[in-house]
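Please treat every number below as a calculation from the coordinates, not as lab data. Owing to the predicted nature of the structure, the values given are computational and were not obtained by experimental measurement. Virtual Cβ from ideal backbone geometry, glycine too; neighbours counted across all protein chains shown.
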Amino acid sequence: MKYHKARILIFSLSLLFFTNIVNAQLVTTQPAFPTVNDTITITFDASQGDAGLKDFTGDIYAHTGVITEKSSSESDWKYVIAEWSENISKAKLTRKSTNIYELKITPNILEYYGVPETEEVLKMAFVFRSEDGSKTGRDVGGKDIFVDVYQSGLNVNILLPQHDLIISEGENIHVHAVSNEADSILLYIDDSLKLTTENDTLNYEFSDTVAGKHWIKVFAKNNTEMVVDSVYYYIRGELTTQDLPNGVVDGINYIDDNTVTLVLFAPNKQFVFAIGDFSNWELDEQYLMNKTPDGKRYWITIDNLIPNKEYIFQYFVDGEIKIADPYTDKISDPWNDKYISNDIYPDLIQYPEDKTSEVASVFQTAQMPFNWQTADFIPPNKENLVIYELLVRDFTSNRDFKTIQDTLNYLKALGVNAIELMPVNEFEGNDSWGYNPSFYFAVDKAYGTKNDLKRLIDECHKNGIAVIIDMVLNHTYGQSPMVRMYWDDTNNRPSADNPWYNQQSNFTSADAQWGYDLNHESIETQKFVDSVNSYWLTQYKVDGFRFDFTKGFSNTIHGSEDPWGSLYDSSRVALLKRMADKVWDVNPDSYVIFEHLAENSEETELANYGIMLWGNLNYNYNEATMGWTGSSDFSWISYKERGWSKPNVVGYMESHDEERLVYKNLQYGNSSGDYNTKDINTALHRMELAAAFFFTIPGPKMIWQFGELGYDYSIDYNGRVGKKPIKWDYLDNKNRLRLYQVYSSLIKIKKEQPAFRSTDYTLSLVGAKKRININSSSMYITIIGNFGVEKNSIDPNFQKPGKWYDFFAGDSIGVNDPHGLIQLDAGEYKIYTTKKLMAPDIVTGINNNEIRNNSKLYIYPNPASNLLHLNSDKEINKIVVHNIIGTQIKEINNINSEAININVSDFKAGLYFVSVYDKSGKVKTRKFIKR
């Protein structure tokens, strides 16, 4: 007896969730039972399935591959004929009539796809798309389309039901099956023969009242062989209506080490099953969830769980869609988890490929609580903030939370007192900026475990550094269960009854549209937003948020007259104040920062309410650093210039979203004679000049990662959001190290000197000759700088005559005439104070020749934890160790040996320079890292 091989394999994987019977109306084939040796015509009806290409009039292409015996799941396509964006002639469909298209698979499947004859093909896989890929035609629910590939000879196919059914007692079921070479077709319901026919087609209609799972099996046979196809139906029992247990909330509630209560907010849904490891992924009446009397929630308590064991699970909603818990703190991802290394996420639980599909959630009882070491951290005052914005992916070579901990000494030495992490909650894929969020309570596993992130935050607090996270609540992407649970297949957008999302963006410009638009006027959205913010403040102890694109937090329509929503919007202001109040209810000291960039009247109202707002001065500072001074007035970085009552502008010269200043200096800089801002050393020196006019203006400031070293790769290198080179080797360059030290010195005085928080200051920032005058009870400060490309004489407008101290030079000048002109070379700057400040140690004595010296000096191990071993070809007289900002850490004299061990166990983790002097006074310098 011979069974249909493709069918037997498919159903051995999982009859519950791996069914692939094609919707006969969406896609049909000629012949009806295609084999690998046939020429096949695929007919696609664009009005069916999710109807994403319905009534589309442009060219349509097939993104297509095959599922073979070597595929691990339906998502594991093999032999895809072209990349997603590649339009090739053999993938182009022929339009036959409105919404009807044909695709020829010729001369046969093996040659069309390039499949070896030795590899068995089980299915053809399709997503139909427009020429630019912006529109797609898929199966219901946005699923891929699959067409079974048959073996030669006798075959049978159940066309109705099209897929496994979950029905109520007494509902009618229509069975329609076809065969190609059968003498007879037999229909069994469970083990009972119901119908026999001698035709090639079988039709049968019946109903059932027995709760549970039942199998429909259709056998086709002839004189020599028999094949079978099957599908199941599940009759669900009566739903229990019951109040929520006391104290539970939406999501996963841990009751004890053996018990969880799952709660799903799902108004207008008919029924929900919990499925997962605890049910062996089978539908079971035991896991049919209770419904609350108001019809809005489904819940179930699951006990007899194994303590500390991870369980993967989903909700099966209305028998149509499987979703993860929106509140889960860990997801299991069928597409991306396999690419996360064990070093990043040790012992990551494996997705159950053979049991389900789509993203799933994970719970685990009896988890060991994280042991926070720092309980008394006090975040810096808002006006004193110096924020370091970083993308985990592009900051260290390991691209993870754990390695960032090793850089905290570097950041602390720089002087920043806050880091702003670009989104760290789960986003789609593993390689992203993170502004495509899918799950708001789960840490993205591509960066490490949730405890890795907590440990990083704890270490930051231990080092006096606050942690701000980037939160994207303007929109969500399509893998979100909240998007998927309420979806309009016909229009390929959230459905009208979605509790959280608008059907369409309130921005008509496509440039201001991302993902699916959260409806912030919805009470349910507001509850969800508040729960997200509260969660990160309490569970991860973050110190605040930078909220992405807050101009989108209303339903006001923004058309061509206001494409970026910059005009004043009173409804938006009210919604944003409401959210901020809820954040401050949880932690009154939380930072609330908006990427708003709206007109000043609206930003003034928000700023005066206590909200900080991003202040983008990239263009103006870059014009200044390039030497094009006509549009270089950056005075808008001052809150006073904006008419605000509080210093709530988070000013920045660079951010993740702006071009890098040094890159544009090198590409487009101005010049005069021998002075050229395109020269790298000149470009770096002009960054010092900009920094002197950046950190010193009162108010919080933000720098983008590696800006302190003059990062000079374009934002568009490897694509705008693509991975960028990680340039820790910049520290080998004396001029880049000097820029770091200048930044550090300016940050230090900004934080330590009250004068830089004065409200009494004036700015003269038009043109090449720029000046800042700051008045305070502790001292006067005058800053002058020449942003031109030729020498200039500047009126310093000193506040009084007398002795003034040159901060960087460490000396003083006598001022008789406060308006006496001071000549500055191109790019030169001066910071004068009436109180003597400690001059910064900018020059470390280390230069590139010393660092790159090829003489025989060996140090090991590197990195070092306890002892650092040095061996030289000459007798060592003295060694001196400096940290990254030039401070001497250790000196050992009169060594008189060619080898020495240095105890570095008490050094803080970070980068150091060890200089080795021989008897003649010659010096060799090497870098080493202390773990």
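Listed cross-link partners 382/445; 640/750; 78/330 are compared with a 23 Å cut-off, the Cα-Cα value being larger for 382/445; 78/330.
Name the residue from 25, 728, 629 whose Cα lies farthest towards the positive end of the charge dipole of the chain, charges +1 on Cβ of Lys and Arg and -1 on Cβ of Asp and Glu. Result: 629.
All distinct Cα pairs of the stretch 121-195 go into the 1/r average, and the inverse of that average, the Kirkwood radius, is 15.8 Å. Residues 74, 595, 69, arranged from fewest to most other Cβ atoms within 10 angstrom of their Cβ, appear as 69, 595, 74.
Overall dimensions of the stretch 167-238, expressed as equivalent-ellipsoid semi-axes from the Cα gyration tensor (√(5λ), whole Å, largest first), are 26, 11, 8. When each full DSSP H helix of the chain is screened for a Cα extent of at least 24 Å along its own axis and an average Kyte-Doolittle hydropathy of at least -0.5, the helices passing are 570-586.
Taking 0.36 nm per residue of separation and subtracting the current Cα-Cα distance, fully stretching the chain between residue 207 and residue 898 would add 239.5 nm. Other residues with beta-carbon under 13 Å from the beta-carbon of residue 736 carry, at +1 per Lys or Arg and -1 per Asp or Glu, a net charge of -2. Cross-link pairs exceeding 21 Å in C-alpha to C-alpha distance, out of 678/791; 54/92; 830/927, comprise 830/927. If R0 is taken as 51 Å, the Cβ-Cβ distance between residue 70 and residue 619 corresponds to a FRET efficiency of 0.45. Arranged from fewest to most other beta-carbon atoms within 10 Å of their beta carbon, 524, 117 become 117, 524. Please check which bits of the stretch 532-556 a label hung off residue 372 would reach, taking the label as a point 7 Å along Cα-to-C-beta and the cut-off as backbone N under 16 Å. Answer for this model: 533-545. Per-residue ellipticity at 222 nm from helix content only, as computed over the chain with -39500 (n - 2.57) for each DSSP H run of at least four residues, stands at -4500 deg cm²/dmol. Of all lysines in the structure, the ones whose alpha carbon falls short of 24 Å from that of residue 221, not counting any fewer than 8 places away in one chain, are 2, 5, 123, 194. A simple spin-label model places the labels of residue 258 and residue 586 3.4 nm from each other, with each point 7 Å out along Cα-to-Cβ.
The label-point distance for residue 343 and residue 306, in a model that sets each label 7 Å from Cα toward Cβ, rounds to 3.1 nm. Straightening the chain between residue 574 and residue 557 buys 4.5 nm, computed as 0.36 nm per residue apart minus the Cα-Cα spacing.
Along the positive direction of the dipole of the chain (beta-carbon charges: Lys, Arg +1; Asp, Glu -1; about the Cα centre), which of 201, 643, 584 reaches farthest? Farthest towards the positive pole: 643. Overall, the stretch 251-364 carries a charge dipole of about 400 debye about its Cα centre when +1 sits on the Cβ of Lys and Arg and -1 on the Cβ of Asp and Glu, all other atoms neutral. Computed 3J(HN,Hα) for the stretch 919-926, one whole-Hz value per residue from the Karplus formula 6.51 cos²θ - 1.76 cosθ + 1.60 where θ = phi - 60°, is 4, 7, x, 5, 10, 10, 10, 9, glycine and proline marked x. Simple point charges give the picture: +1 on the Cβ of Lys and Arg, -1 on the Cβ of Asp and Glu, and for the chain a dipole about the Cα centre of about 4360 debye. The distance from the alpha carbon centre of the stretch 339-386 to that of the stretch 282-326 is 23 Å, rounded to a whole number.
In summary, the lysines within cross-link reach of residue 924, defined as a Cα separation below 26 angstrom excluding same-chain residues under 8 places away, comprise 727, 734, 856, 874, 878, 890, 908.
From least to most packed, judged by other beta carbons within 10 angstrom and beginning with the fewest, 581, 633 follow the order 581, 633. For the stretch 644-719, the Cα gyration tensor yields ellipsoid semi-axes of 25, 17, 9 Å (square root of five times each eigenvalue, largest first, whole Å). Using the Cβ-Cβ distance between residue 318 and residue 488 with R0 set to 25 Å, the FRET efficiency from 1/(1 + (r/R0)^6) comes to roughly 0.95. Once the Cβ-Cβ distance of residue 85 and residue 927 is raised to the sixth power relative to R0 = 51 Å, the FRET efficiency obtained is 0.70.
Compared with the direct C-alpha span, the chain from residue 199 to residue 47 gains 51.6 nm at full extension, assuming 0.36 nm per residue.
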